[in-house]
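Only one structure is covered here, and it is reproduced in the block below.
The values are calculated or read from the model by the stated rules, or taken from the named source; none is laboratory data. Just so you know, these numbers come straight off a predicted model, no measurement behind them. Quick reminder, even Gly has a Cβ in these numbers, built from the backbone with ideal geometry, and neighbours come from all protein chains shown. Protein only, heavy atoms only, side chains kept; ligands, DNA and RNA dropped before computing areas. Shrake-Rupley method; radii C 1.70, N 1.55, O 1.52, S 1.80 Å.
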Amino acid sequence: MKIHDVTVGISETMPIYAGDPTVSISAAKSIAGGDTANVSQIALGVHSGTHVDAPNHFIEGTRRVHELDPAKLVGPCRVVQVPDEPEHVGNIDGVERVLFKSRNSEFWSEPERGFRKDFTYITPETAKLLVEKGVVLVGIDYLSIEKSGSPGHPVHVTLLEKEIVILEGVDLRGIEPGDYELLCMPLKYDGGGGDGAPARTFLRTLN
């Protein structure tokens, strides 16, 4: 079984959602500088690169990232190819985890262009459909699942109020639509808003 790493690597040149903290990576200690070991230091917003959103991201007082149900983060997953504004998401009957692949994936090939506001997103109607279908995790191949600047953030709220894990910023270049096993491992921390976390994420072929 082949394992595909669909994580966007953390770097100081990666695109960051407009208004979020930038990424800083430095050497806190270095052997070259006379220290006994190399120790790096990373500062970043928790919604950088490939990351999950916890309910507390948009709904105050709800479940935080360290409280997410791990059973939702690992298991069968379907990758679905979608048009620019996915309203018809194909057959997802019986599917608990779904990743939407769109033209967004190619944006990862041009990080020098920075954050792109013309990304593909899902509509509020699609979010309601996903709830009705019993999906426990939904992901997309850019930094937000929702149109930039949406008043009231209805897509996020519709999903998060049902404790559906949102996985954003996956890199689906080279991933064919179809069924896989998802392994999503968000950083576990307790503090701050607990609203999300970077997540090393893999897809494993089923045969």
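Some values worked out for this structure:
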| quantity | calculated |
| --- | --- |
| Cα-based convex hull volume of region 153-207 per residue, rounded to whole Å³ | 123 Å³ |
| Accessible heavy-atom area order of Ser48, Ser40, highest first, probe of 1.4 Å | Ser40, Ser48 |
| Neighbour cut-off at most 12 other Cβ (10 Å), DSSP loop, GluC sites (Glu not before Pro), region 16-96 | Glu60, Glu87 |
| Rg/Rh for the chain, where both radii come from Cα atoms and Rh is the Kirkwood radius | 0.98 |
| Over region 1-140, relative contact order from alpha-carbon pairs under 8 Å, at least 6 apart, % | 21 percent |
| Solvent-accessible surface (1.4 angstrom probe) belonging to Lys2, in square angstrom, nearest 10 | 130 Å² |
| Relative contact order (percent, whole number), region 65-207, Cα cutoff 8 Å, 6+ residue spacing | 29 percent |
| Mean ellipticity per residue at 222 nm, deg cm²/dmol - from DSSP H runs of n ≥ 4 across the chain, formula -39500 (n - 2.57) | -2500 deg cm²/dmol |
| Where N is the number of residues in region 79-186, Cα Rg divided by 2.2 N^0.38 Å | 1.01 |
| Accessible-area value, Thr22, 1.4 Å probe, nucleic acids and ligands omitted, Å² | 110 Å² |
| Mean separation of Cα contacts under 8 Å (6+ apart) over length of region 40-108, as relative contact order % | 23 percent |
| With Cα atoms, 0 to 90° folded angle of helix 124-133 axis to the chain main axis | 80 degrees |
| Proximal charge balance of Ala43 [Cβ under 15 Å; K/R count +1, D/E count -1] | -2 |
| Partners for Lys128 among lysines (Cα-Cα distance below 27 Å; same-chain residues under 8 apart left out) | Lys72, Lys101, Lys117, Lys147, Lys162 |
| Gained length - Glu181 relative to Thr62, 0.36 nm times residue gap less alpha-carbon distance | 40.0 nm |
| Accessible surface, 1.4 Å probe, highest first, among residues His57, His156, His4 | His57, His4, His156 |
| Area of Met185 that stays accessible when all protein chains are in place (1.4 Å probe, Å², to 10) | 100 Å² |
